[in-house]
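**Student:** The structure is given below, and queries will be raised subsequently.
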Amino acid sequence: PMIELSRKQDGSQDTAAFARDVADGLSQQQKTLPSRYFYDGAGSRLFQQIMDLPEYYLTRSEFEVLTNNRQTMAEHFAREGFFHLIDLGAGDALKTKILLRELARQQSVFDYVPVDISGDAMLELSSSLQEELPEVKVEAVVGEYFQALEWLQEHKAERKVVLFLGSNIGNFEYQESLEFLGSVRSYLQAGDRLLMGVDLRKNPDVILNAYDDAAGVTAAFNLNLLHRINRELGGDFKVEQFCHHAIYNPLEGVMRSFLVSKVEQQVQIRETGKTFSFEAWEAIHTENSHKYTLRQVEELGSACGFKVETVFYDSQRGFADVLFT
Ligand code: AVI
């Protein structure tokens, strides 16, 4: 097996970009922090716990979709011979492994390119695949989606199947999702495919509970962002003086998460060279998770030059993996 781990940025650049994004976000009239910074080592571990929560149906639903349709999906992918399987935001790839095992069983000729911002996650994934599926060639890329686009561009002429599972698309602003999928599309050729997981509209209570679980794991996940700023940027957030708050807007189909300051306070963040003031009950917006109608997914795809080939649903019709050409 060949395992390659490429990191497209060095650590000092990472810290400078993080400091800049935090300073920008906390200087806004309405404070905001980018959700991509949730996923340091601790955050990635908390997200794995979220995926096991009884309330967080998304992972189980998609697991079911992939399990029930793995044979059809693998056949679609491998029909035209060798391909790169690029997995955007792979994480622990628990769900992708369903497809990898099936592709290996069908003796498909492909290599696997997981891309994730968590270096820890990519190291663990590479070594677990070496044990479980030694016949699969793995080239893990540590980087943001931007780096994934670079990889796609560098391999523009080669056959590719892009996986964008887990409703990761839902964490983009709508405009960003158009731009991102448009870029992905521009690096694909006729015959290439995109398999995208989307969380569908459903009972708002079910959605809300998934982002405000009883055990408080999602709260810890959200609050870890402040711990991370303390650890990496020399912040002095008193994390216990903030609380997690989540709301779902069923008109827009958007789940929004916030960190709310329980008291009036000031926070110094060394690496930004700045101090930020919070009023009592002032909020920081930390995340959006979009929930879609199937019509919206089709429109989003077609606005970016994709056509729906097949829609694979779970038994509750609450989650879909949409295969685009
Ligand atoms: C990674 N992403 C699809 C998750 C979601 O459902 O939006 C992140 C998450 N945030 C809170 N719980 C899970």
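**Student:** Quick check on my filter: what residues within the stretch 149-202 are within 16 Å of the ligand (Cβ to nearest atom) and in a helix (DSSP H, G or I)?
**Tutor:** We begin by selecting, within the stretch 149-202, every residue within 16 Å of the ligand (Cβ to nearest atom); these are 163-174, 176-177, 180-181, 195-202.
Those that are within 16 Å of the ligand (Cβ to nearest atom) and in a helix (DSSP H, G or I): N168, I169, G170, N171, Y174, E176, S177, F180, L181.
**Student:** If you don't mind, there's one more thing I want to ask. Counting only residues that are assigned to a loop (DSSP other than H, G, I, E, B) and of a type in the set (D, E, K, R), which one in the stretch 290-314 is nearest to G253 (Cα to Cα)?
**Tutor:** Going through the qualifying residues, I end up with K291.
**Student:** Check L88 against each of (1) over 21 Å from D40 (Cα atoms); (2) in contact with a strand residue (DSSP E or B) (Cβ under 7 Å, 6 or more places away or on another chain) and name the one condition it does not meet.
**Tutor:** (1)
**Student:** Can you tell me which residue in the stretch 207-225 is surrounded by the fewest Cβ atoms within 10 Å (Cβ to Cβ), limited to those that are more than 9 Å from the ligand (Cβ to nearest atom) and within 18 Å of N249 (Cα to Cα)?
**Tutor:** Of all residues in the stretch 207-225, those more than 9 Å from the ligand (Cβ to nearest atom) come to 207-209, 212, 214-216, 219-220, 223-225.
Now restrict to residues that are within 18 Å of N249 (Cα to Cα): 207-209, 212.
Numbers: I207: 24, L208: 15, N209: 19, D212: 19.
Result: L208.
**Student:** Kindly evaluate V142 against the criterion of being more than 23 Å from F306 (Cβ to Cβ) and in contact with a helix residue (DSSP H, G or I) (Cβ under 6 Å, 6 or more places away or on another chain).
**Tutor:** Numbers: more than 23 Å from F306 (Cβ to Cβ): yes; in contact with a helix residue (DSSP H, G or I) (Cβ under 6 Å, 6 or more places away or on another chain): yes.
Answer is yes for this residue.
**Student:** Identify all residues within the stretch 79-116 that are within 21 Å of D52 (Cβ to Cβ) and touching a Gly at 6+ places or on another chain (Cβ under 8 Å); write none if there are none.
**Tutor:** Those that are within 21 Å of D52 (Cβ to Cβ) and touching a Gly at 6+ places or on another chain (Cβ under 8 Å): G89, G91, K95, D116.
**Student:** If you check E271 against the conditions, is it more than 14 Å from L33 (Cα to Cα), over 20 Å from the mean Cα position of the chain (by Cα) and within 16 Å of the ligand (Cβ to nearest atom)? Steps first, answer last, please.
**Tutor:** Values: more than 14 Å from L33 (Cα to Cα): yes; over 20 Å from the mean Cα position of the chain (by Cα): yes; within 16 Å of the ligand (Cβ to nearest atom): no.
Answer is no for this residue.
**Student:** What tally of residues in the stretch 150-183 results from selecting those that are surrounded by fewer than 20 Cβ atoms within 10 Å (Cβ to Cβ), touching a helix residue (DSSP H, G or I) at 6+ places or on another chain (Cβ under 7 Å) and over 22 Å from E298 (Cα atoms)?
**Tutor:** Looking only at that region, the number is 0.
**Student:** Got at least one residue in the stretch 118-131 being buried (at least 18 other Cβ atoms within 10 Å of the Cβ), outside any helix (DSSP H, G or I) and in contact with a strand residue (DSSP E or B) (Cβ under 9 Å, 6 or more places away or on another chain)?
**Tutor:** Yes.
**Student:** From the list A74, A42, A17, exactly one residue is away from the ligand (no atom under 16 Å from the Cβ) and either closer than 30 Å to F237 by Cα or β-branched (V, I, T) (or both). Which is it? Let's see the steps before the verdict.
**Tutor:** On the way: A74 fails: either closer than 30 Å to F237 by Cα or β-branched (V, I, T) (or both); A42 fails: away from the ligand (no atom under 16 Å from the Cβ).
Answer to the check: A17.
**Student:** I'm trying to understand the selection: among the residues of the stretch 295-312, which are closer than 23 Å to K95 by Cβ, more than 20 Å from the chain's Cα centre (by Cα) and touching a residue at least 40 places away in the same chain (Cβ under 8 Å)?
**Tutor:** F306, E309, T310, listed by residue number.
**Student:** Go through (1) farther than 24 Å from T218 by Cβ; (2) among the aliphatic types (A, V, I, L, M); (3) in a helix (DSSP H, G or I) one by one and return the number of the condition V65 breaks.
**Tutor:** Going through the list (1) farther than 24 Å from T218 by Cβ; (2) among the aliphatic types (A, V, I, L, M); (3) in a helix (DSSP H, G or I), V65 breaks only (1).
**Student:** Can you give me the number of residues within the stretch 205-241 that are touching a helix residue (DSSP H, G or I) at 6+ places or on another chain (Cβ under 9 Å), closer than 25 Å to L58 by Cβ and outside any helix (DSSP H, G or I)?
**Tutor:** Of the residues in that region, 4 qualify.
**Student:** Can you list residue pairs whose Cβ atoms sit under 6 Å apart, with the first residue in the stretch 236-265 being closer than 26 Å to P204 by Cβ and without any contact (Cβ under 8 Å) to a residue 12 or more places away in the chain and the second being more than 15 Å from the ligand (Cβ to nearest atom) and assigned to a helix (DSSP H, G or I)? Count only pairs 6 or more apart in sequence or on different chains.
**Tutor:** Hits for this filter: zero, empty list.
**Student:** Also, I was wondering about something else. Answer yes or no as to whether L233 is within 16 Å of the ligand (Cβ to nearest atom), at pLDDT 95 or above and under 27 Å from L259 (Cα atoms).
**Tutor:** When the stated conditions are applied, L233 does not pass them.
**Student:** Something else now. Filter the stretch 115-134 down to the residues that are under 18 Å from L163 (Cβ atoms) and touching a helix residue (DSSP H, G or I) at 6+ places or on another chain (Cβ under 6 Å) and list them by number.
**Tutor:** V115, D116, S118, A121, L133
The values are calculated or read from the model by the stated rules, or taken from the named source; none is laboratory data. All values derive from a computational prediction rather than experimental measurement. Positions of Cβ are generated from backbone atoms using ideal geometry, with glycine treated the same way; all protein chains shown enter the neighbour counts.
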